1. Hey, does the stretch 4-13 have a residue that's touching a helix residue (DSSP H, G or I) at 6+ places or on another chain (Cβ under 7 Å) and surrounded by 14 or more Cβ atoms within 10 Å (Cβ to Cβ)?
2. If Lys33 meets every condition in (1) charged (D, E, K, R); (2) farther than 17 Å from Glu8 by Cα; (3) part of a helix (DSSP H, G or I) apart from one, which number is that one?
3. Consider Glu67 against the criteria (1) in a loop (DSSP other than H, G, I, E, B); (2) out of contact with any Pro (no Cβ under 6 Å at 6 or more places or on another chain); (3) modelled with pLDDT of 95 or more: it satisfies all of them except one. Which criterion is unmet?
4. Quickly run through the stretch 11-23 and pick out the residues that are over 17 Å from Met1 (Cα atoms) and under 13 Å from the mean Cα position of the chain (by Cα).
5. Looking at the stretch 19-41, which of its residues are surrounded by 12 or more Cβ atoms within 10 Å (Cβ to Cβ), out of contact with any strand residue (DSSP E or B) (no Cβ under 8 Å at 6 or more places or on another chain) and not aliphatic (A, V, I, L, M)?
6. Just the residues that are among the aliphatic types (A, V, I, L, M) and either modelled with pLDDT of 95 or more or in a loop (DSSP other than H, G, I, E, B) (or both), please, taken from the stretch 1-30.
7. Can you give me the number of residues within the stretch 24-71 that are β-branched (Val, Ile, Thr) and under 16 Å from Tyr3 (Cβ atoms)?
8. Give me the pairs: first residue in the stretch 31-49 and at negative phi, second residue small (Gly, Ala, Ser) and assigned to a helix (DSSP H, G or I), beta-carbon distance under 8 Å, and six or more apart or on different chains, which are they?
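The values are calculated or read from the model by the stated rules, or taken from the named source; none is laboratory data. Keep in mind it's a predicted model, so treat the numbers as computed, not measured. Quick reminder, even Gly has a Cβ in these numbers, built from the backbone with ideal geometry, and neighbours come from all protein chains shown.
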Amino acid sequence: MRYSIVIEIADGNFCAYCPDLPGCVATGKTARKVVLELKKAIRMHLAGMKKDGLSIPPPRTQVDYIEIPLSI
């Protein structure tokens, strides 16, 4: 499965979350590290859901970018 993630810059580190898996978050000193940590968190999150007999939510969130001219 391929889930969308959001990476944000925080004070002194990065944080990331998966919109399709509420509560699944991670932090790290670099963007690369936070992605690695979130991959681990997603695996644990999905394993816990499976163990609890819950349905694994399919990826639904889409990500795109828009450009806004700075001359607004």
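1. yes
2. Condition not satisfied by Lys33: (2).
3. Exception for Glu67: condition (3).
4. Correct list: Phe14, Cys15, Ala16, Gly23.
5. Asp20, Lys39
6. Met1, Ile5, Val6, Ile7, Ile9, Ala16, Leu21, Val25, Ala26
7. 7
8. none
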